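Remarks on the structure that follows.
Read-outs: derived from the displayed coordinates by stated rules, not from any lab. Every value quoted in this text rests on a predicted model; they were computed, and no experiment measured them. In this analysis, Cβ positions are derived from the backbone assuming ideal geometry, glycine residues included, and neighbour counts consider all displayed protein chains.
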Amino acid sequence: MDSYNTEDVIYALATAWAKSAIAVVRASGTGCIERLCPAVRSRHDIRKLASNTAHYCNLVDPADGKPVDDIVLTVYRDGHGYTGEEAFEISCHGGLQVVRAVLGTLSALGFRQALPGEFTLRAFLHGKMDLTRAEAVDELVKAQGRTGQIMALNRLNGALFRQIDKIKDIVLDMMSIVEVQLDYSDDEIGENLDFPRERLDEAVRGLEKLRDSYSTGRLFSQGARIVLAGPSNAGKSSLFNYFLKEERAIVSPQKGTTRDFIEAMCTVRGIPVRLYDTAGFRELSESEIEEEGIRRSRSLMDSADIVIYLADSSDFTDPDPKVLSDPRCIAVLNKTDLVDRELEGFIKLSVTTGQGFDVLCDAIYGRLTSDLEVSDDSALVIENTRQKENLERASSALRRASDALDAGLPLDIVSMEIQEALEALGELTGEVTTDDILERIFGSFCVGK
Ligand SMILES: Nc1nc2c(ncn2[C@@H]2O[C@H](COP(=O)(O)OP(=O)(O)OP(=O)(O)O)[C@@H](O)[C@H]2O)c(=O)[nH]1
Ligand SMILES: [Mg+2]
């Protein structure tokens, strides 16, 4: 962190850059409240305000005293607030011109605009959060579905940190036992080595369970791609709209209504889904444009996690067996309100009445989670590749330690492996950090670029 100055007073707009009723501008750094003084007109001396208190004030241009906005100023000191250093928040009116003027005022007072992730980096540096919590901030902000949001919140509240800390305690205990033996014995495992093997296994199981939760976490954070495909007029666009609960795609009794694909986000049983409505297949397409649409449908199907093949119960033609044999395919027979029939391997649906939609959602959820261990949203899961890598590193090292014990190898080899596991766990929570790790998490700004 050569050129990155943690002494600077920094500021940033904490809310979105968009017109709104209120916007919040945040600032942090030792001396930031004193620095703001020339731009504040208040009944109080803002330097003497108690921490965690909010005050109505006037913000003025420090150069000419002209009004900028009426604001509510909230101050933080003594380790309170997000970053754990002296800080304040300005709640101002949310018009873009107002926000621009407030930011300009701070800039004129010598505040530096914060870089992405910089407030969270400071929170980490001041011990307000460990790295798993810092990563959870970003994951929570980006959560797309309710389940992913709850899972990220769980990590932000420290559930992951506590679990890792518990396992680390076990590993530390093992380390001290090995160290004692190393001090008193002659490098070989003596018959009287009292090593808690079951504790070692417990630690490995705990780490592997967390590591394996990655796929679940990824599914609930990144979501899945689902393509609606099938013959023209089967009701793909109708189903697309039904998923979105809005009339997004054009629906008509005419074949070939959808020419190009449309995509939209929705959630299915808490899983974020990017859903694609595509051009229906027809033997005799009427134009080059439609043919191009059909080509695009096929290429989308190639990259989908699930293809919902929609057939028309009232105008049924045998589907392409290649599509149906694809393990990603869920076959659906629509318009069963018109012609009610059973077809092996097909879910019965009527988009018009909604009958069968729940069964379809269950099938999607089942297909996406079939290889995963999913319990409920209170489950402790990770979605972060860095965390997964460190968990893998730690559990592999402990497994090697276990193998070394089994093989009766010298204790210093066991000790080395346990040390490696401790390092990986330390990196995971941020007890041990390097510029590389901080750069990976907080962005390139912190390593002198
Ligand atoms: N009775 C009945 N009609 C339906 C149902 N689903 C869709 N339709 C009707 O079927 C017609 C075709 O629906 P679309 O959703 O446009 O079909 P599509 O598969 O998108 O068609 P293309 O875009 O041409 O490929 C429309 O008139 C819909 O109102 C259903 O479950 N029951
Ligand atoms: Mg359509």
Given charges at beta-carbon only (K, R positive; D, E negative), |dipole| of the range 29-151 in Debye | 140
Given a cut-off of under 8 Å on Cα pairs at least six residues apart, what relative contact order in percent is computed for the range 220-369?
-> 24
With a 10 Å radius around each residue's Cβ, average the other Cβ atoms per peptide and rank 414-421, 241-248, highest first.
-> 414-421, 241-248
Can you tell me the relative contact order of the chain? Whole percent, Cα pairs under 8 Å, sequence separation 6 or more.
-> 16
With a Förster radius of 45 Å, plug the Cβ-Cβ distance of W17 and D326 into 1/(1 + (r/R0)^6) and report the FRET value to the nearest 0.05.
-> 0.55
Can you give the convex hull volume per residue for the Cα atoms of the range 220-369, as a whole number of Å³?
-> 104
Equivalent ellipsoid semi-axes for the chain, as square roots of 5 times the alpha carbon gyration tensor eigenvalues: give them largest first, rounded to whole Å.
-> 49, 41, 16
Work out, step by step, the length gained on full extension between I289 and D362: first 0.36 nm times the residue separation, then minus their alpha carbon distance; give nm to one decimal.
-> 22.7 nm
Label-reachable residues, the range 328-348, where backbone N falls under 17 Å from a point 7 Å from Q355's Cα toward its Cβ = 332-344, 346-348
Which value in deg cm²/dmol, rounded to the nearest 500, describes the helix-derived mean residue ellipticity at 222 nm for the chain, given -39,500 (n - 2.57) per DSSP H run of n ≥ 4 and division by the residue count?
-> -13500 deg cm²/dmol
Please state the equivalent ellipsoid semi-axes for the range 253-297: what are the square roots of 5 times the Cα gyration tensor eigenvalues, largest first, in whole Å?
-> 26, 10, 7
Among G104, V75, T434, pick out the residue whose Cα is farthest towards the positive end of the charge dipole of the chain, where Lys and Arg carry +1 and Asp and Glu carry -1 on C-beta, about the Cα centre.
-> G104
Which of the lysines could a cross-linker span from K142 if the Cα-Cα distance has to be under 27 Å and same-chain partners fewer than 8 positions apart are dropped?
-> K19, K128, K209, K245, K388, K449
R0 of 45 Å, Cβ-Cβ distance D318-D376: FRET efficiency to nearest 0.05 = 0.65
Tell me, in nm to one decimal, what length is gained between R162 and K209 on full extension, where the rule is 0.36 nm per residue of separation less the Cα-Cα distance?
-> 15.4 nm
Simple spin-label estimate for E439 and R41 in nanometres, 7 Å along Cα-Cβ | 4.9
Given 20 °C and 1.002 mPa s, how large is the Stokes-Einstein diffusion coefficient of the range 10-130 in µm²/s, with Rh as the Kirkwood radius over Cα pairs?
-> 149
